[in-house]
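Everything below concerns the one structure shown next.
The values are calculated or read from the model by the stated rules, or taken from the named source; none is laboratory data. Computed from a predicted structure; not experimentally measured. Reconstructed Cβ throughout: ideal geometry from the backbone, glycine too, with neighbour counts over all protein chains shown.
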Amino acid sequence: VCGASVGSGAGQDVGRSCILVSIAGKNVMLDCGMHMGFSDDRRFPDFSYITQSGRLTDFLDCVIISHFHLDHCGALPYFSEMVGYDGPIYMTHPTQAICPILLEDYRKIAVDKKGEANFFTSQMIKDCMKKVVAVHLHQTVQVDDELEIKAYYAGHVLGAAMFQIKVGSESVVYTGDYNMTPDRHLGAAWIDKCRPNLLITESTYATTIRDSKRCRERDFLKKVHETVERGGKVLIPVFALGRAQELCILLETFWERMNLKVPIYFSTGLTEKANHYYKLFITWTNQKIRKTFVQRNMFEFKHIKAFDRAFADNPGPMVVFATPGMLHAGQSLQIFRKWAGNEKNMVIMPGYCVQGTVGHKILSGQRKLEMEGRQVLEVKMQVEYMSFSAHADAKGIMQLVGQAEPDSVLLVHGEAKKMEFLKQKIEQEFRVNCYMPANGETVVLPTSPSIPGGISLGLLKREMAQGLLPEAKKPRLLHGTLIMKDSNFRLVSSEQALKELGLAEHQLRFTCRVHLHDTRKEQETAMRVYSHLKSILKDHCVQHLPDGSVTVESILIQAAAPSEDPATKVLLVSWTYQDEELGSYLTSLLKKGLPQAPS
Amino acid sequence: DLSTVDVILISNYHCMMALPYITEHTGFSGTVYATEPTVQIGRLLMEELVNFIERVPKAQSASLWKNKDIQRLLPSPLKDAVEVSTWRRCYTMQEVNSALSKIQLVGYSQKIELFGAVQVTPLSSGYALGSSNWIIQSHYEKVSYVSGSSLLTTHPQPMDQASLKNSDVLVLTGLTQIPTANPDGMVGEFCSNLALTVRNGGNVLVPCYPSGVIYDLLECLYQYIDSAGLSSVPLYFISPVANSSLEFSQIFAEWLCHNKQSKVYLPEPPFPHAELIQTNKLKHYPSIHGDFSNDFRQPCVVFTGHPSLRFGDVVHFMELWGKSSLNTVIFTEPDFSYLEALAPYQPLAMKCIYCPIDTRLNFIQVSKLLKEVQPLHVVCPEQYTQPPPAQSHRTDLVIDCQPPATSYRRAEVLTLPFKRRYERIEIMPELADSLVPMEIKPGISLATVSAVLHTKDNKHVLQPPPRPAQPTSGKKRKRVSDDVPDCKVLKPLLSGSIPVEQFVQTLEKHGFSDIKVEDTAKGHIVLLQEAETLIQIEEDSTHIICDNDEMLRVRLRDLVLKFLQKF
């Protein structure tokens, strides 16, 4: 049985991802995200779902982090250092490299700027990262003797991975966030036909079939261009890593082509560092970038420069990429407040915003925002939303389901209404069960794994050889003995089983007397029996031996003449227990007498 | 016949230089597996080779000398060359690209299924970027192929030894070419000779491959030149792939040793040659023509190929610097004899230093490794089982293991010393449910199985037998042969023995009377006089002799079976 409980946050909501999977007695926690719309207890998943009593380390076999976005890894230091977990945490190399930086960044905003208490410290982030084990793509990591995990490329952001969790013949695939179309800097997600019992997929864009990427890019460039042409400022709130690099590549090439001089800035010190990560982990980017990186590294930008706080008040047009992406804190929010009052300016939200953030409010049409200290901010600048965030759309999700061929699908990380639509579509098209549990809900899937064992080569070869015979069209039965010792199962021929256990075979033999009325000599009787059987048993090997006896397969028939009555002959039919069917058939056949010999 | 080869496993980028010959011209249509760094750097090595060769096109090529009678008369080493008739021209870049496009990229510890029959897995071998040892295994047998491995700490990920354990056979090859030299000592000698020459105003020439040990040498020099006061001496790296090689080395963080990996997390380039380039201490050029001739300053250190000294830019430097005793050529690559390499340049005034740096396993490390891994059998090339010809007294320079290693020669076919006994099979849950195990000995249970074997793609699955077909309704055909039983419905084997007294009691309980028991040499005969039936009972057999009365026979059979176990 494998059960997936959407422990504490990934259910019908895009906020904190955290899923607990129990598979064949192993417990694996998938992602450990936090909700950015909250700044109280609801921020982190409720780990008491996992185990009420006892230590998490004893209960969980491992933790897997799919990628570095905070809604997937933000609660990790809280989980490992404050709640307490000392087991292994698996993630890819780029995720391991970038994750602590984003965590530290977020910690600074939460603690230093907002003054939140009961938050993890820098040291806790470091201690937490010491528990991380980095995995390669496609590497089979043996967590213990039975549990193995394997990472697949997921696109989405640098280092994002989907994970297969496997115990024996049972398996679960968890996609994390993924992208089925290559973008300007990353490739498309890919998985082999691994036929998991369950596929847990994100469904952020469950209903959207997004228009072609080129159109969206053209639209984006047009809007940016028009705004700077009329002297306006463009604010693009982004996360430091991921979408930002894609949009930078886009603007960089556009600026170059159009020979534009309007400055483009990228906020915070993380920028250059972020680009450096892309250069060093270039093997994780798309094929085009990988191929050309020696001649021209796409992450070395000519037109995009570092942003200084003072630049925000400069007159004239400019484009600024600022973090964080949902306008919930930090530099992007500061710049937004400065520029919001001017209708010439524009803010482009290139990704999804969770509920409760300023980004979500302005996208849902709110134009009067209540800020801290009862201040009301009136938004006159243009607000644009462009779905650049690299999630699979409905078509992509269907494509992945088709690739992996799971027995059932579980939708997480999406909105209930949209998920319902996708659920129906998946059930229709693939005829598999599809689940969409709410937060805190548990889905239990019974599985019926087949049992692995060994078959002795002798038995197998014997069977295979017979399978090659022409009459073997109908399914043939294989007979053998299964030897079970501890959890080791071996199927051997019965003879071998007896031999191995030091047991002797006990032969059970039957001999039946069949009385026939026949005046001829025994030899002739035998001859008649032979030709009679030969004519009936076409599929069997009937032989007349030189000593006068007749055999049908291994059944022996002898004719004898009892002295008292010369007109009666006795046929002795002898067979072993293993040939019982044929033996008993022959006796009843012979009892009916022999056909009259043609005279 | 290479068209019968299904799979090629590549160990490291030095071991793939002949790949285009196989993939392009032999009818080979299988799959090639290699890691990403192996393919990328292998491409660079091939590209350099092709470039060097194409720079000096030959107007005509001679082939008459390949005639055995003429070859015999030629000077050494030509007269000793083997199989000259099979020598081929160098491939083209087009063939290289086509060959490389046929490679499937794999990662360390990735399990790759081959035809459902075996699984192959590359493991880090610690010798070069992306270098691998391979495990070829089924569920019951395991063969390890260890080629070009290193236990030293250089830039690649350390060798994965643990995964080699429990091997039935370990094929061991690619040991160090220079078993007597210590790589660390050689690096020290390299640095001091380099410093000495440069201080005296001479130039240093290092013939080398464009990837591999050069990264380690540059790293050593990075640490060494400042302390030695040589920071103003320019380092030149000249190769058509110099830039690519230096760039590629920085992007394979996941394939590097732990130290270098943690640098990438900062994020900083893993190799310090990035800094050497940034500070203009190291410059790289595709060839001696172009920019290099403008920038060239002496004294300097030049890294360039080809290490055989027969082609490539190294030839120019040998001719330029060979006449002055101030200059030094330092040989670090172990693949070529430096004396032979130098032969055509003699007489030479320049100093020649031989510091071969070969990080691959030496014989001491091999015995340590084998002790650790404990394979049942070791298989290795013949030359590792006897001391090198030049040092025949060094009996320590052989592979020493128990049982002694099986050796093989060029073009010899060797049957690996193990016997396959089992294959994997899957038992369907429905079938498993229907099995009735019985405990025969403590901890060992048996169950007889009658099932349908399905085999697809070398995977065996046992399914429950089909339900007996329902008697066909409608007209019943009457033909004798239809009733002939299918003898394929096999009965189990029997085991055990029959205690006569209890058997007789049972017979009586079931209504048989007038029973007589006679003792025989081997057992007993039970006579049922009324039924004219005779039952011979021995230790390992029972024989029921009766009239043709099926009812009676079946009754007796069932009573006998009560005392026996079925298998």
Practice task
Considering every residue within segment B:523-534, establish whether at least one is assigned to a loop (DSSP other than H, G, I, E, B), modelled with pLDDT under 85 and in contact with a helix residue (DSSP H, G or I) (Cβ under 9 Å, 6 or more places away or on another chain).
Solution key: yes
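Tell me yes or no: at least one residue of segment B:224-241 is β-branched (Val, Ile, Thr) and free of Cβ contacts under 8 Å to residues at least 60 places away in the same chain. If you could, list the steps in order and put the result at the bottom.
Initial filter on segment B:224-241 (β-branched (Val, Ile, Thr)): B:225, B:233, B:238, B:241.
Filter again for free of Cβ contacts under 8 Å to residues at least 60 places away in the same chain, leaving B:225.
Within segment B:224-241, one or more residues are β-branched (Val, Ile, Thr) and free of Cβ contacts under 8 Å to residues at least 60 places away in the same chain.
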Problem - When residues of segment A:540-572 are limited to those that are in a loop (DSSP other than H, G, I, E, B) and free of Cβ contacts under 8 Å to residues at least 12 places away in the same chain, the one nearest to the other protein chains (Cβ to nearest Cβ) - result: A:Pro562
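Being surrounded by 14 or more Cβ atoms within 10 Å (Cβ to Cβ) and within 14 Å of chain A (Cβ to nearest Cβ) is the filter here; which residues of segment B:506-525 pass it? Working first, answer last.
Keep residues of segment B:506-525 that are surrounded by 14 or more Cβ atoms within 10 Å (Cβ to Cβ), which gives B:506-507, B:512, B:515, B:517, B:523-525.
Hits for segment B:506-525 are B:Gly523, B:Ile525.
Within the bounds of segment B:138-149, is there any residue that is among the acidic types (Asp, Glu), farther than 23 Å from A:Ala134 by Cβ and within 14 Å of chain A (Cβ to nearest Cβ)?
In the first step, residues of segment B:138-149 are kept if they are among the acidic types (Asp, Glu); the result is B:141.
Okay, now just the ones that are also farther than 23 Å from A:Ala134 by Cβ, so B:141.
Adding the requirement that they be within 14 Å of chain A (Cβ to nearest Cβ) leaves B:141.
Yes - at least one qualifying residue is present in segment B:138-149.
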Exercise for the section: Could you tell me whether segment B:304-323 includes any residue that is in a loop (DSSP other than H, G, I, E, B) and over 37 Å from the mean Cα position of the chain (by Cα)? Expected result: yes
Practice task
Check whether at least one residue in segment A:349-358 is of a type outside the set (D, E, K, R), part of a loop (DSSP other than H, G, I, E, B), over 22 Å from the mean Cα position of the chain (by Cα) and farther than 30 Å from A:Val111 by Cα, and report yes or no.
Solution key: no
Practice task
Please verify whether segment A:403-419 includes one or more residues that are on the phi > 0 side of the Ramachandran plot, more than 14 Å from every other protein chain (Cβ to nearest Cβ), at pLDDT below 85 and surrounded by 14 or more Cβ atoms within 10 Å (Cβ to Cβ).
Solution key: yes
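Check every one of the strands (runs of 3 or more DSSP E) wholly within segment B:122-220 and list those with 1 or more residues that are among the charged types (D, E, K, R). Talk me through it step by step, then tell me what you get.
Values: elements: B:132-137, B:142-147, B:169-173, B:204-207.
Result: B:142-147.
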Problem - Residue check, A:Lys485 modelled with pLDDT of 80 or more, within 11 Å of chain B (Cβ to nearest Cβ), loosely packed, with under 13 Cβ neighbours inside 10 Å and touching a strand residue (DSSP E or B) at 6+ places or on another chain (Cβ under 6 Å) - result: yes
Exercise for the section: Determine which single condition A:Gln428 fails, assuming it passes every other condition in (1) out of contact with any Phe, Trp or Tyr (no Cβ under 6 Å at 6 or more places or on another chain); (2) farther than 20 Å from A:Pro196 by Cβ; (3) modelled with pLDDT under 90. Expected result: (3)
Completion exercise
Checked against (1) surrounded by fewer than 18 Cβ atoms within 10 Å (Cβ to Cβ); (2) within 14 Å of chain A (Cβ to nearest Cβ); (3) part of a helix (DSSP H, G or I), B:Glu501 satisfies every condition except (2)
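May I ask you to say which residue of A:Ala504, A:Ala559, A:Ala526, A:Ala567 is aliphatic (A, V, I, L, M) and touching a Leu at 6+ places or on another chain (Cβ under 6 Å)? Let's see the steps before the verdict.
Numbers: A:Ala504 fails: touching a Leu at 6+ places or on another chain (Cβ under 6 Å); A:Ala526 fails: touching a Leu at 6+ places or on another chain (Cβ under 6 Å); A:Ala567 fails: touching a Leu at 6+ places or on another chain (Cβ under 6 Å).
None of the others qualify; the one that does is A:Ala559.
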Fill in the blank from the handout: Those residues of segment B:134-168 which are β-branched (Val, Ile, Thr) and modelled with pLDDT of 95 or more amount to B:Ile135, B:Ile136, B:Val143, B:Val146
Handout entry: Residue count for segment A:573-599, restricted to those that are in contact (Cβ under 8 Å) with a residue 12 or more places away in the chain, among the small types (Gly, Ala, Ser) and assigned to a loop (DSSP other than H, G, I, E, B)
Key = 2
Practice task
Output the number of the condition that B:Phe252 fails; it satisfies all remaining conditions of (1) buried (at least 24 other Cβ atoms within 10 Å of the Cβ); (2) within 14 Å of chain A (Cβ to nearest Cβ); (3) modelled with pLDDT of 95 or more.
Solution key: (3)
Practice task
Could you check, for segment A:230-247, whether at least one of its residues is free of Cβ contacts under 8 Å to residues at least 12 places away in the same chain, part of a helix (DSSP H, G or I) and under 30 Å from A:Gly159 (Cα atoms)?
Solution key: no
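Quick one: which residue in A:Ala567, A:Ala560 is touching an Asp or Glu at 6+ places or on another chain (Cβ under 7 Å) and either farther than 24 Å from B:Cys546 by Cα or aliphatic (A, V, I, L, M) (or both)?
It is A:Ala560.
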Completion exercise
Counting only residues that are surrounded by fewer than 19 Cβ atoms within 10 Å (Cβ to Cβ) and closer than 19 Å to A:Gln331 by Cα, segment A:233-264 contains a total of 1
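For segment A:488-525, name all the residues that are more than 7 Å from chain B (Cβ to nearest Cβ) and either part of a helix (DSSP H, G or I) or of a type in the set (Ser, Thr, Tyr) (or both).
Keep residues of segment A:488-525 that are more than 7 Å from chain B (Cβ to nearest Cβ), which gives A:488-489, A:492-493, A:496, A:499-500, A:502, A:515-525.
Within segment A:488-525, A:Ser493, A:Gln496, A:Lys499, A:Glu500, A:Thr519, A:Glu522, A:Gln523, A:Glu524, A:Thr525 meet the criteria.
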Handout entry: From the options A:Phe299, A:Phe307, A:Phe293, A:Phe281, residue that is aromatic (Phe, Trp, Tyr) and more than 14 Å from every other protein chain (Cβ to nearest Cβ)
Key = A:Phe307
Problem - Yes/no for A:Pro437 being farther than 16 Å from A:Pro196 by Cα and within 14 Å of chain B (Cβ to nearest Cβ) - result: no
Handout entry: segment B:453-489, subset of a type in the set (A, V, I, L, M, F, W, C) and surrounded by fewer than 17 Cβ atoms within 10 Å (Cβ to Cβ), residue modelled with the highest pLDDT
Key = B:Val461
Practice task
Mind counting the residues in segment A:304-325 that are part of a loop (DSSP other than H, G, I, E, B), touching a residue at least 12 places away in the same chain (Cβ under 8 Å) and farther than 16 Å from A:Ile236 by Cα?
Solution key: 1
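Criterion first (closer than 19 Å to A:Phe510 by Cβ and more than 14 Å from chain A (Cβ to nearest Cβ)) does B:His543 satisfy it?
Spelling it out, it is not the case that B:His543 is closer than 19 Å to A:Phe510 by Cβ and more than 14 Å from chain A (Cβ to nearest Cβ).
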Exercise for the section: Give the residue that is farthest from the other protein chains (Cβ to nearest Cβ), with candidates limited to residues of segment B:390-437 that are among the hydrophobic types (A, V, I, L, M, F, W, C) and more than 28 Å from the chain's Cα centre (by Cα). Expected result: B:Ala390
Practice task
Return yes or no: is A:Glu202 more than 23 Å from A:Pro94 (Cβ to Cβ), of a type in the set (D, E, K, R) and over 10 Å from the mean Cα position of the chain (by Cα)?
Solution key: no
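Residues that are within 13 Å of chain B (Cβ to nearest Cβ), closer than 26 Å to A:Ile289 by Cβ and charged (D, E, K, R): find the strands (runs of 3 or more DSSP E) completely inside segment A:92-163 holding 1 or more of those. Give the steps one after another, and end with the answer.
Numbers: elements: A:132-135, A:140-142, A:147-153.
Qualifying strands (runs of 3 or more DSSP E): A:147-153.
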Handout entry: Every pair of residues 6+ apart whose Cβ atoms lie under 7 Å, when the first sits in segment B:261-289 and is more than 16 Å from B:Asp216 (Cα to Cα) and away from every other protein chain (no Cβ under 13 Å) while the second is acidic (Asp, Glu) and surrounded by fewer than 21 Cβ atoms within 10 Å (Cβ to Cβ)
Key = B:Lys283/B:Asp295; B:Tyr285/B:Asp291
